[in-house]
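Below: the structure, in structure tokens.
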Amino acid sequence: MVAIDTGDIPEQAFPRVPDDCGIVIFGASGDLSARKLLPALYNLFISGGMPANFFICGAARSDLGDAGLREKMKKAVAAKGEDLTRWDEFATRLHYQPVIYDDLETYLNLGRRLEELNQAHGVGGSCLFECAIPPMLYSLVATMLGRAGLSAEDPEAGVWRRLVVEKPFGRDLASSQELNAAISSGFKEHQVFRIDHYLAKETVQNIMMFRFANAIFEPLWSRQYIEQVSILSAETLGVEHRAGYYEQAGVLRDMFQNHMMQLLALVAAEPPSIFAADRVRDEKTKLFRSLRPFDLDNLYDYLVLAQYEAGEIGGQKLPAYRAEPGVDPSSLTPTYATVKLFVDNWRWQGVPFYITSGKRLAQKLTRIVINFREIPHSLFRQVLGEEIKANRLVLDIQPTEEISLYFQAKQPGGQVALRTVRLHFAYQDQAGATSLEAYEKALADAMLGDQMLFWRQDGVELCWAYLDPVLEACESCGDRADRLHRYAAGSWGPHAAANIWPGHPFNQRS
Ligand code: BG6
């Protein structure tokens, strides 16, 4: 356990409150809006994170009306178990304007409605456009906003316009560039906020603090002391109701091109000179540029793909991926991948990074393990034998939020023996600190104009450029079916992964 010096904890969750603004949610009648966005905005409102003056305008195809949206969102927020004491106050700022996504006239109407709402709520014209719509509509909506003049900023008057988009940012390099070209027709890069909800997790944000606010870890953070690094994001959930999207995506597009690459970048990038969004993103870009291209002739020495079979989690019987609603019964879409990769730079030369993500695994667990090298010489070899376990630093991202350092200590008693002990810090022990849910953080930062936790287009493109050859090789090869391993739902994935990843849970048990 670590004793916490509470003097370091800032008292306020929101040291800065955003400028007055409107928030337009395209796709306001959809799932994302009800499950995540409105509950997040309501929570920000009750915890003091919203601007003094603001309004939210839902925009979608259905003819919901202000009252309809308020009622629907009240139910959604109540379903999340939120305290509704201040709902009525919040609801007076909720409005709705129908928009036909490919009809410019409806965007011009939206513009007129926004002017009225700016007047009514005392907002100066700044506006955040949130795309809670299917990704195939991003280009259209961004282009239309530009054509309707709704993306134009007025820096002198302090009026900003911002566009928030969710992943997927394309399905390969070419389509991500097309998407970006469409977005750029209306918005400049500084106006675009590409969400990666992993970056908004407290424990993920902490990775840089941990590395660069402590003098004792960074000197060890290189090939000299680190043997290998593993990054795991295991889920118990299956494909749920998202087969339409997931069948086309698979785990490499769904988890690797975005979240896993960000975790890798935070662990492996060089320190920026200052903690400013573009400096941090520059360092991530450099890291992405240093990734060693896959050896396509021996691809399966570095990559294991698999799909879940029927199984059981927590006593509940679960179907195979191929039997899930909407999934092709002969689907070859991978739901699991382990990738062994290398970073070709001075710091990391020769250190393998094992990156794994899968659905329907034994446990929900996102964990980064830094495995240090073994001691160079054991002076205990006569009494203890040769093997002394190497140190390990474990960053538990979720659901457990902890940092643990494992080291060797003397076993109490007369015998000369060692045992592995754990020094750990748990986020939940930080009494008084309020942590924000990922969407609360992302929306608050977008309103503040802070790009730190959002993707920049160069990073998106570099990650696609890195994965594209692999995706192409896997998806076009003649033996695709033979290359796809199987694992039972509720297991730790395919046994084949243990061959390329020494830290695989199967290997740890043995
Ligand atoms: C999303 C993926 O980006 O992240 C989902 O599309 C996945 O397939 C989810 O389930 C995992 O997020 P978290 O925060 O639950 O780890």
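One chain, two ends: GLU387 and SER435. Fully extended at 0.36 nm per residue, the span grows by 13.1 nm beyond their Cα-Cα distance. Counting neighbouring beta carbons within 10 Å and listing from fewest to most, the residues ILE355, ILE46, ILE56, ILE100 come out as ILE100, ILE46, ILE355, ILE56.
Simple point charges give the picture: +1 on the Cβ of Lys and Arg, -1 on the Cβ of Asp and Glu, and for region 165-310 a dipole about the Cα centre of about 480 debye.
Under a model in which nothing but the beta-carbon of Lys, Arg (+1) and Asp, Glu (-1) is charged, the chain shows a dipole of about 1220 debye around its Cα centre. Set the Förster radius R0 to 45 Å, insert the Cβ-Cβ distance between LYS317 and PHE407 as r into 1/(1 + (r/R0)^6), and round the FRET efficiency to 0.05. It comes to 0.60. With the charge dipole of region 295-417 set up from +1 on Lys and Arg Cβ and -1 on Asp and Glu Cβ about the Cα centre, the Cα lying farthest toward the positive end among the listed residues ILE397, VAL327, GLY385 is that of GLY385.
Suppose every K and R has +1 on its Cβ and every D and E has -1 on its Cβ; what is the size of the dipole of region 224-306 about the Cα centre, in Debye to the nearest 20? Kindly include the intermediate steps, with their values, before the conclusion.
On the way: 8 positive and 12 negative charges, 65 e Å.
Charge dipole, region 224-306, about its Cα centre: 320 debye, nearest 20.
Across all C-alpha atoms in region 268-381, the radius of gyration and Dmax reach 19.7, 61 Å. Working note: Karplus 6.51/-1.76/1.60 with θ = phi - 60° gives region 96-102 the couplings 9, 9, x, 9, 9, 4, 9 Hz, where Gly and Pro are set to x. The length gained on full extension between MET136 and ALA52, counted as 0.36 nm times the residue separation minus their Cα-Cα distance, comes to 26.8 nm. So which of LYS167/LYS359; LYS389/LYS410; LYS340/LYS389; LYS36/LYS72; LYS72/LYS201; LYS36/LYS75 end up more than 21 Å apart by C-alpha? Table pairs above 21 Å Cα-Cα are LYS340/LYS389; LYS72/LYS201. The H on the amide N of HIS485, modeled in the peptide plane, is under 5 Å from the matching H of LEU305, ALA306, GLN307, each at least 5 residues off or on a different chain. Volume of the convex hull of the chain (Cα atoms only), normalised per residue: 177 Å³. Taking a point 7 Å from the Cα of LYS286 along the Cα-to-Cβ direction, the residues of region 242-276 with backbone N closer than 20 Å to it are 261-276. Sequentially through region 255-260, phi angles give Karplus couplings (6.51, -1.76, 1.60; θ = phi - 60°) of 10, 7, 4, 10, 4, 5 Hz, Gly and Pro residues having no value and appearing as x.
On the basis of the beta-carbon distance and an R0 of 60 Å, HIS424 and ASN109 show a calculated FRET efficiency of 0.60.
Taking amide hydrogens as placed 1.01 Å from N in the peptide plane, the amide H of VAL24 sits under 5 Å from those of CYS57, LEU128, PHE129, GLU130, each at least 5 positions away in sequence or on another chain. Packing around the peptides 304-313, 61-70, taken as the average count of other Cβ atoms within 10 Å per residue, puts them in this order, highest first: 304-313, 61-70. Subtracting the Cα-Cα distance of ARG86 and GLN177 from their residue separation scaled by 0.36 nm leaves 28.4 nm.
Any read-out appearing in this document is the output of simple, stated calculations on the displayed coordinates, not a laboratory observation. No experiment lies behind these values; they were computed from the predicted model shown. In this analysis, Cβ positions are derived from the backbone assuming ideal geometry, glycine residues included, and neighbour counts consider all displayed protein chains.
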